[in-house]
1. From the residues Asn11, Asn183, Val25, which one has its Cα farthest along the dipole of the chain in the positive direction, the dipole being from +1 and -1 charges on Cβ of Lys/Arg and Asp/Glu about the Cα centre?
2. Based on DSSP H runs of at least 4 residues, each adding -39500 (n - 2.57), what is the mean residue ellipticity at 222 nm of the chain after dividing by all its residues, to the nearest 500 deg cm²/dmol?
3. A 32 angstrom limit on the alpha carbon distance is what I want to check against. Which of Lys93/Lys305; Lys93/Lys306; Lys21/Lys90; Lys34/Lys90; Lys21/Lys78; Lys34/Lys93 exceed it?
4. What are the ³J(HN,Hα) values, in whole Hz, obtained from phi via the Karplus relation 6.51 cos²θ - 1.76 cosθ + 1.60 with θ = phi - 60°, for each residue of segment 246-254 in sequence order, with x given for Gly and Pro?
5. Rg and Dmax of the chain over Cα atoms: what are they, in angstrom?
6. Which ³J(HN,Hα) values in Hz, rounded to whole numbers, follow from the phi angles of segment 23-31 under the Karplus curve 6.51 cos²θ - 1.76 cosθ + 1.60, where θ = phi - 60° and Gly and Pro get x?
7. Got a sec to turn the phi values of segment 269-283 into Karplus ³J(HN,Hα) couplings, 6.51 cos²θ - 1.76 cosθ + 1.60 with θ = phi - 60°, whole Hz, x for Gly and Pro?
8. Check Gly147: other-chain or 5+ apart residues with amide H under 5 Å from its amide H, H built from backbone geometry?
Amino acid sequence: MILAIDTGNTNIVLGCIENRKIRAVARMATDVNKTDYEYAVGMKNVLAFAGFQPESFEGAILSNVVWPLTSTLCRAVKLLTGLDTLVVGKGLKTGLDIRLDDPGQIGADLVVGAVAALHLHRPPLIVIDMGTATTISAVDAQGRFAGGAIVPGLRLSMESLSGNTSQLPRVSLDAPAKCIGTNTVACMQSGAIYGSAALLDGMIERMETELGAPAAVIATGGSVVYGAEAMAHLRSIGTVVYLRLTCENITERLGDLHARGVTIKPGWTLRDLYNERCPLYEQYADIVQDCDGLRLRDVVAELQKKLKG
């Protein structure tokens, strides 16, 4: 089994991969102040919660955009598993033909995103990763990484907007009923949701023109928005799976909401957000899987049964 580590500016995602299949996924908060021993303990705990022990792994690979953490995380993996970690970057052969002015400048996250997208779908491709920054990558019809664009992430933009103005509040990232807002909150939500959608639509159209052909679009990342319209679209093109947890369980897992990038309406609690979102997920889910009291391994096994059925 391979331990795959994807380090972003906000979260570190641990993936347990066996025979090219993802057995489990777990998240930790990114913190440049933590030591290798602290990360080793944290990894051990979240992996044990998922039902895996350090000796389960025979290899490890790291994709990292927070460069000060590279050596720290490699040492943490060594402490935990005794394994040396492959680091995505210069010298690692991925099979991706990178057509940039300086291929050495490409971020590891863009490399692994493009490689994964090519594994899922034939090119040309446009890969959108909506995290702290939103990256838009173009892969041409020959499977070559042609380039892309980087814009401030949705949450980062909204935090900057509310943090650098005196009268604009923090708002939840919900799609308003219409584009033309009639109050401050609705106007901010319209700009965030419909503005971001228009930006992506425009960038996709321009990139397809430069690629010379329509492209399959693959979107991922912590800020991919799940409003009613988005979920209806997702359901029309695939299977929507809802992993159901109690609010108490989610509260315990999330910890510090601000550090985890959870945006909530002023005066709201996580319970208010939970009560608002759950009916939406219940409405559009093709498969509902209860997760309380189950290890990640058990959840995956149950989902496999439901998807095969």
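No lab work stands behind these numbers, since they all come straight from the coordinates. Worth saying up front: this structure is predicted, and the values here are computed from it rather than measured. Quick reminder, even Gly has a Cβ in these numbers, built from the backbone with ideal geometry, and neighbours come from all protein chains shown.
1. It is Val25.
2. Here the helix-only value at 222 nm equals -13000 deg cm²/dmol.
3. Numbers: Lys93/Lys305 36 Å; Lys93/Lys306 37 Å; Lys21/Lys90 26 Å; Lys34/Lys90 26 Å; Lys21/Lys78 23 Å; Lys34/Lys93 30 Å.
Cα-Cα > 32 Å for Lys93/Lys305; Lys93/Lys306; rest within.
4. 6, 4, 4, 5, 5, 4, 5, 6, 6
5. 20.1, 59
6. 7, 6, 9, 9, 10, 9, 6, 6, 8
7. Here the 3J(HN,Hα) series is 10, 4, 4, 4, 5, 4, 5, 6, 7, 4, x, 5, 5, 4, 5 Hz.
8. Residues meeting the criterion, in which the H sits 1.01 Å from N, are Ala138.
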